[in-house]
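The values are calculated or read from the model by the stated rules, or taken from the named source; none is laboratory data. The structure displayed is predicted, hence computed values, not measured ones. With ideal geometry, Cβ positions are generated from the backbone for all residues, glycine too; neighbour counts draw on all protein chains shown.
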Amino acid sequence: MKYGYFDDDKREYVITNPKTPVKWTNYVGTLAFGGIVDHTGGSLICKGDPALNRITKYMPQLPSSQFKGEGMYLRIKEGDGYKIFSPFFVPTLDAYDKYECHVGLGYQRIVSEFHGIRTEVAIFVPPGEHVVVRDINVTNLRKEVVELDVIPVVEFSHFDALKQYTNADWVPQTMTVDAERNADGTVLLRQYAFMKKQYENNFFTSNVPVDSFQTDRKEFLGDNEYGTWANPLELQNESLSNSEARRGDTIAALLHKLGELAPGETKRIVTQLGQDEPGMVAETAKKFRCLENVDAAFRSLGQFWDEYLSKNWIETPDAAFNSMVNIHNPRQCHTTMNWSRYLSLYQLGLGARGIGFRDSSQDVMGVLAGVPDDARALMRKLLSVQLPNGSAMHQFFPLTMEANEGDSREDGHKQWYGDDHLWIVQAVSAYLKETGDYGFLKEEIPFYSKALPLEKREKGTVLEHLHRAMEFTQANTGAHGLPLLGFADWNDCVNLLGAAESVMIANLYGRALQEMIELMDHLGAQPAAEKYRADHARMKKVVNETCWDGEWFVRYYEEDGTPIGSKQNSEGQIYANAQSWSVFSGFAEGDRAEQALESVHGKLNTDRGIKLSWPGYNGFDPTKGGITTYPPGAKENGGIFLHTNPWVMIAETLVGNGDRAFQYYNQINPAARNDDIGRFECEPYCYPQNILGDEHPQFGLARNSWLSGTSSWTYQAATKFIVGIMPTHGGLEINPCIPKAWDGFKVVRKFRGATYRIEVENPEHISKGVASVVVDGEPVEGNVVPVFDGGEHSVEVLMGRESNDAGFGMKNKVQEATAAL
Ligand code: GLC
């Protein structure tokens with residue numbers, strides 16, 4: 001079954017059948033103002049924080065056919081009553097002649113034909129503004145004149161989203177809407193919870209005269225709400241009752257009587273849903289009543305994405321790879337950087353979740369070329385919730401910057417996560433390599449303290465924050481000398497008691513040490529570089545001496561020394577992350593690295609992706625924690641948890657296995673599912689978080705689309721490791737690891753203010769190995785292209801010597817090779 005197609009020229013995915021297996025969504029705006037819009041026009045919009053400042057009422061658990069957050073009705077006089085239908089299909093579900101939802105970059109454009117009326121609605125947030133614009137065009141396709149009314153509707157949420165869902169008296173007692181009619185006939189509806197009256201008002205308005213309006217859901221649906229969203233009874237009246245709600249479930253419905261449309265005639269209406277200070281609302285609302293401003297804003301949205309995507313443009317012989325790596329994957333990276341794991345159809349933006357420390361640190365690494373300033377701003381926030389001892393608070397709320405310890409407050413567990421702080425070391429390092437902005441290291445940022453006000457908190461430079469992160473892991477090791485797990489590491493769902501140790505944290509530490517060594521070398525801080533080298537060597541020894549299980553690395557040690565992820569276990573024998581990260585950290589080398597990856601291939605791989613672990617735990621076991629709350633094959637319990645897949649791709653490139661890295665890339669490419677979405681069910685234009693594994697009867701079913709670390713890491717795997725263009729402190733390193741079949745590829749890469757036009761040729765059809773690099777006609781030594789002061793530069797790369805070199809020794813190999821020529 002197929003629900004749509006990719007239109008790469010327009011950078012869109014076009015949904016042509018509205019009955020997708022689950023709602024397929026897109027994002028408009030940013031966390032500053034925006035949210036999700038589904039493919040039938042429903043929307044979940046917030047400003048600054050979905051939990052604390054939510055605007056529309058979108059309940060994902062309701063069936064797909066239901067009105068959610070926003071919708072629109074058209075009506076045509078028929079006999080004594082009206083024919084009423086929604087151009088978005090939902091909630092009236094009429095038969096359509098055409099239905100298209102164009103999932104664009106920062107916009108959703110729904111084009112439909114129902115009952116001889118063509119409707120085209122572009123939904124977007126103008127860059128930097130705090131409104132959602134819906135630009136509506138209706139065209140009469142009939143042979144006769146038609147009298148058409150257009151009624152857009154919004155349903156509001158209480159700003160405190162959790163309260164909206166858990167309170168049925170206080171919330172409705174506080175909800176209020178006021179109406180203002182302007183001299184030109186337009187109407188402005190202001191909605192607020194009573195306590196927000198003087199502070200922030202939501203507003204809904206349009207640019208054309210309004211016949212009448214409704215703000216009380218009960219009156220709109222009619223018959224004590226035995227009228228329904230599929231057939232709101234008040235729409236059978238000539239006009240709405242103009243009531244200004246003083247309590248209850250508040251909505252904003254504007255009835256526009258467009259009058260007669262001749263055959264072929266089009267009329268345009270623009271609505272705005274926004275939020276501003278009360279004194280500013282009327283003024284703000286004027287801007288997008290002006291159509292020139294609407295058109296200009298839509299153009300500037302396109303320019304933003306042109307610029308963002310132009311930083312890294314890749315042309316390989318594989319069209320599906322190109323479409324993903326140039327459009328959909330970087331767009332998803334921008335989405336995850338904005339929304340962390342905070343707001344999607346699956347991450348409900350409620351309760352104590354907030355912005356995750358480890359999640360956002362990883363997201364940052366996916367957007368560094370495109371929006372480095374946004375990445376830096378987010379890293380500042382993350383560093384400000386790092387504790388003086390170097391560990392980090394697990395998450396924070398962006399509006400208040402209050403942070404919490406996540407689930408680690410549970411009894412019997414350590415009160416911290418063992419991994420969070422090690423991700424920010426990688427993020428800052430990647431940022432420096434991309435931008436060369438070493439001044440950032442000197443910026444002073446406070447350490448977090450719940451007890452102290454901001455101005456009294458201890459401060460340290462960014463570099464000091466990184467050193468402390470390293471010290472925390474160094475100081476918290478267990479019986480084998482491995483880092484303590486804390487409440488959990490990257491795998492949130494293995495929650496071992498007491499002083500359990502984590503092999504993945506050892507590896508994350510190893511990777512972070514490599515970053516610190518490179519940074520210290522670059523800064524000329526030799527004593528620190530030497531110390532980190534010694535730390536790396538020490539942990540490498542510990543991992544190799546205590547964690548090798550014969551054919552793979554174990555994943556954890558429980559407090560009593562029992563291994564997890566070992567042949568000795570009947571369930572959870574092997575975990576992917578212990579293998580991929582042991583290679584990525586530089587701890588596993590040579591045959592051992594290859595053997596570990598072979599074990600992943602043999603025991604964990606499926607044609608739908610690599611499973612996180614195997615076999616699944618079959619029954620709840622409180623000593624293991626969250627992982628055993630899932631049936632075998634689901635999520636972290638042996639599911640294809642997609643985030644782990646790019647790490648295996650990266651590890652395969654480090655051992656020089658380009659064909660296998662690319663096989664792993666293709667088997668999780670959602671675009672490859674497009675022609676038979678079947679069991680997959682989720683959007684083909686973004687990575688989901690999880691796919692059910694082959695131990696589950698519904699093997700292949702995806703869920704939790706959009707907000708997953710899969711996005712940043714698959715983008716990094718594709719661009720830095722497969723295509724192999726890696727920012728380093730000294731320049732752009734070129735070290736591809738590609739399928740042997742490729743003749744080569746081209747990349748336009750903008751890096752530190754210069755544009756590099758890179759052409760790689762692969763005449764010998766090998767996976768890895770660079771024989772020569774010629775920059776602006778001059779051969780360079782090694783495979784690092786220098787940093788330039790702007791301008792355009794040609795880079796010709798000839799692949800020619802196969803290397804199975806693991807880790808990052810490639811550069812020296814190539815240097816030796818070129819020196820010998
Ligand atoms: C979810 C969490 C992430 C965690 C992963 C694995 O995606 O957001 O922080 O690393 O699950 O448990």
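Any chance you could count how many residues in segment 73-119 are of a type in the set (Lys, Arg) and crowded, with 16+ Cβ neighbours inside 10 Å?
Quick first cut of segment 73-119, residues of a type in the set (Lys, Arg) only: 75, 77, 83, 98, 109, 118.
So of that shortlist, the ones also crowded, with 16+ Cβ neighbours inside 10 Å come out as 75, 109, 118.
Qualifying residue count, segment 73-119: 3.
Let me confirm something: among Ile627, Ile610, which residue is more than 21 Å from Gln667 (Cβ to Cβ) and β-branched (Val, Ile, Thr)? Don't jump to the end; show me each part of the working.
Numbers: Ile610 fails: more than 21 Å from Gln667 (Cβ to Cβ).
It is Ile627.
Quick check on segment 1-41: of everything there that is more than 20 Å from the chain's Cα centre (by Cα) and small (Gly, Ala, Ser), which residue is nearest to His328 (Cα to Cα)?
Only one residue fits best here, namely Gly4.
Given (1) outside any loop (DSSP other than H, G, I, E, B); (2) in contact (Cβ under 8 Å) with a residue 60 or more places away in the chain; (3) more than 16 Å from the ligand (Cβ to nearest atom), where does Lys286 come up short, assuming only one miss?
The one condition Lys286 does not meet is (2).
Mind listing just one residue for me: the one in segment 679-703 that is more than 20 Å from Tyr5 (Cβ to Cβ) and in a strand (DSSP E or B) and, of those, farthest from the chain's Cα centre (by Cα)? Write out each step before concluding.
Narrowing segment 679-703 to residues more than 20 Å from Tyr5 (Cβ to Cβ): 689-701, 703.
Now drop any that are not in a strand (DSSP E or B), which leaves 689-691, 703.
Working: Gln689: 10, Asn690: 14, Ile691: 17, Arg703: 14 Å.
Among those residues, the one meeting the criterion is Ile691.
Consider only pairs whose beta carbons are under 8 Å apart and that are at least six residues apart or on different chains; among these, list those whose first residue lies in segment 698-709 and is under 10 Å from Ile640 (Cα atoms) and whose second residue is of a type in the set (Val, Ile, Thr) and away from the ligand (no atom under 14 Å from the Cβ).
Correct list of pairs: Phe699/Thr606.
If I ask for residues that are in contact with a strand residue (DSSP E or B) (Cβ under 6 Å, 6 or more places away or on another chain), more than 16 Å from the ligand (Cβ to nearest atom) and assigned to a loop (DSSP other than H, G, I, E, B), which ones from segment 602-619 would you list?
Scanning segment 602-619 gives a single hit, Arg608.
Let me confirm something: among Phe89, Phe67, which residue is over 22 Å from the mean Cα position of the chain (by Cα) and on the phi > 0 side of the Ramachandran plot? I'd like the intermediate steps shown before the answer.
Details: Phe67 fails: on the phi > 0 side of the Ramachandran plot.
Result of the check over Phe89, Phe67: Phe89.
Restricting attention to segment 704-743, report how many residues are within 16 Å of the ligand (Cβ to nearest atom) and assigned to a loop (DSSP other than H, G, I, E, B).
4
Sort out which residues of segment 11-52 are under 14 Å from Leu105 (Cβ atoms) and surrounded by fewer than 22 Cβ atoms within 10 Å (Cβ to Cβ), and write them in order of number.
Arg11, Val14, Thr30, listed by residue number.
Kindly evaluate Lys414 against the criterion of being in a loop (DSSP other than H, G, I, E, B) and out of contact with any Asp or Glu (no Cβ under 8 Å at 6 or more places or on another chain). Steps first, answer last, please.
Values: in a loop (DSSP other than H, G, I, E, B): yes; out of contact with any Asp or Glu (no Cβ under 8 Å at 6 or more places or on another chain): yes.
So Lys414 fits the description; yes.
Could you go through segment 501-509 and let me know if any residue there is away from the ligand (no atom under 16 Å from the Cβ), surrounded by 20 or more Cβ atoms within 10 Å (Cβ to Cβ) and either assigned to a loop (DSSP other than H, G, I, E, B) or more than 27 Å from the chain's Cα centre (by Cα) (or both).
Pass one, segment 501-509, residues away from the ligand (no atom under 16 Å from the Cβ): 501, 506, 509.
Then keep just the ones that are surrounded by 20 or more Cβ atoms within 10 Å (Cβ to Cβ); that gives 501, 506, 509.
Now restrict to residues that are either assigned to a loop (DSSP other than H, G, I, E, B) or more than 27 Å from the chain's Cα centre (by Cα) (or both): 501.
Within segment 501-509 (the criterion being away from the ligand (no atom under 16 Å from the Cβ), surrounded by 20 or more Cβ atoms within 10 Å (Cβ to Cβ) and either assigned to a loop (DSSP other than H, G, I, E, B) or more than 27 Å from the chain's Cα centre (by Cα) (or both)), the answer is yes, since at least one residue qualifies.
Restrict the check to segment 399-406 and report whether at least one residue is among the polar types (S, T, N, Q) and part of a strand (DSSP E or B).
Checked against the condition, which is being among the polar types (S, T, N, Q) and part of a strand (DSSP E or B), segment 399-406 yields at least one hit.
Condition check ((1) surrounded by fewer than 22 Cβ atoms within 10 Å (Cβ to Cβ); (2) polar (S, T, N, Q); (3) under 20 Å from the mean Cα position of the chain (by Cα); (4) more than 13 Å from the ligand (Cβ to nearest atom)) across all residues:
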| position | (1), (2), (3), (4) |
| --- | --- |
| Asp621 | yes, no, no, yes |
| Gly626 | yes, no, no, no |
| Pro631 | yes, no, no, yes |
| Asn637 | no, yes, no, no |
| Phe641 | no, no, yes, no |
| Ala651 | no, no, no, yes |
| Gly656 | yes, no, no, yes |
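Among all residue pairs at least 6 apart or on different chains, which show Cβ distances below 6 Å where the first residue, located in segment 349-361, is of a type in the set (Val, Ile, Thr) and the second is away from the ligand (no atom under 11 Å from the Cβ) and not in a strand (DSSP E or B)?
Short answer, once both residue conditions are applied: Ile355/Pro398.
Given the residues Ala179, Ala168, which is the only one that is outside any loop (DSSP other than H, G, I, E, B), closer than 19 Å to Arg246 by Cβ and small (Gly, Ala, Ser)?
Working: Ala168 fails: outside any loop (DSSP other than H, G, I, E, B).
Selected residue: Ala179, the only one of Ala179, Ala168 that is outside any loop (DSSP other than H, G, I, E, B), closer than 19 Å to Arg246 by Cβ and small (Gly, Ala, Ser).
Any idea how many residues of segment 753-798 are of a type in the set (D, E, K, R) and either touching a residue at least 40 places away in the same chain (Cβ under 8 Å) or not in a strand (DSSP E or B) (or both)? Even if it seems obvious, please write down each step before you answer.
Looking only at segment 753-798, we keep the residues that are of a type in the set (D, E, K, R), and these are 757, 759, 761, 764, 768, 776, 778, 781, 789, 792, 796.
Narrowing further to those that are either touching a residue at least 40 places away in the same chain (Cβ under 8 Å) or not in a strand (DSSP E or B) (or both): 764, 768, 776, 781, 789.
Adding up the residues that qualify gives 5.
Is segment 347-359 home to any residue that is surrounded by fewer than 20 Cβ atoms within 10 Å (Cβ to Cβ) and among the hydrophobic types (A, V, I, L, M, F, W, C)?
yes
Can you spot a residue in segment 526-540 that is hydroxyl-bearing (Ser, Thr, Tyr), at negative phi, surrounded by fewer than 18 Cβ atoms within 10 Å (Cβ to Cβ) and away from the ligand (no atom under 16 Å from the Cβ)?
There is no residue in segment 526-540 that is hydroxyl-bearing (Ser, Thr, Tyr), at negative phi, surrounded by fewer than 18 Cβ atoms within 10 Å (Cβ to Cβ) and away from the ligand (no atom under 16 Å from the Cβ).
Which residue pairs have Cβ atoms closer than 7 Å, lie 6 or more positions apart in sequence or on different chains, and pair a first residue in segment 235-246 that is closer than 18 Å to Ser86 by Cα with a second residue that is part of a helix (DSSP H, G or I)?
What qualifies is Leu240/Glu234.
Which of the residues belonging to segment 487-500 are touching a His at 6+ places or on another chain (Cβ under 9 Å) and within 13 Å of the ligand (Cβ to nearest atom)?
Within segment 487-500, Phe487, Ala488, Trp490, Asn495 qualify.
Here are some residues: Gly48, Gly71, Gly35. Which one is touching a residue at least 24 places away in the same chain (Cβ under 8 Å) and part of a loop (DSSP other than H, G, I, E, B)?
Numbers: Gly71 fails: part of a loop (DSSP other than H, G, I, E, B); Gly35 fails: part of a loop (DSSP other than H, G, I, E, B).
One residue alone meets the criteria, Gly48.
Can you work out which of the residues in segment 432-470 that are among the acidic types (Asp, Glu) and assigned to a helix (DSSP H, G or I) is surrounded by the fewest Cβ atoms within 10 Å (Cβ to Cβ)?
We begin by selecting, within segment 432-470, every residue among the acidic types (Asp, Glu); these are 434, 437, 443-444, 455, 458, 464.
Applying the additional criterion that residues be assigned to a helix (DSSP H, G or I) yields 434, 455, 464.
On the way: Glu434: 21, Glu455: 7, Glu464: 18.
Applying the filter and picking the extreme gives Glu455.
What number goes with the only condition from (1) modelled with pLDDT of 95 or more; (2) in contact with an Asp or Glu (Cβ under 9 Å, 6 or more places away or on another chain); (3) polar (S, T, N, Q) that Asn476 does not pass?
(2)
Taking the conditions exactly as written (touching a His at 6+ places or on another chain (Cβ under 6 Å) and within 16 Å of the ligand (Cβ to nearest atom)), does Gly693 satisfy them or not?
Values: touching a His at 6+ places or on another chain (Cβ under 6 Å): no; within 16 Å of the ligand (Cβ to nearest atom): yes.
Considered against the rule, which asks whether it is touching a His at 6+ places or on another chain (Cβ under 6 Å) and within 16 Å of the ligand (Cβ to nearest atom), Gly693 comes out as no.
If you go through segment 713-732 one residue at a time, do you hit one that is buried (at least 19 other Cβ atoms within 10 Å of the Cβ), polar (S, T, N, Q) and more than 30 Å from Asn338 (Cβ to Cβ)?
Within segment 713-732 (the criterion being buried (at least 19 other Cβ atoms within 10 Å of the Cβ), polar (S, T, N, Q) and more than 30 Å from Asn338 (Cβ to Cβ)), the answer is no, since none of the residues qualifies.
Can you tell me which residue in segment 485-500 is modelled with the lowest pLDDT, limited to those that are of a type in the set (A, V, I, L, M) and surrounded by fewer than 24 Cβ atoms within 10 Å (Cβ to Cβ)? Write out each step before concluding.
Step one: list which residues in segment 485-500 are of a type in the set (A, V, I, L, M), which gives 485, 488, 494, 496-497, 499-500.
Subsequent filtering for residues that are surrounded by fewer than 24 Cβ atoms within 10 Å (Cβ to Cβ) retains 497, 499.
Numbers: Leu497: 91, Ala499: 95.
If we take residues in segment 485-500 being of a type in the set (A, V, I, L, M) and surrounded by fewer than 24 Cβ atoms within 10 Å (Cβ to Cβ), then Leu497 is modelled with the lowest pLDDT.
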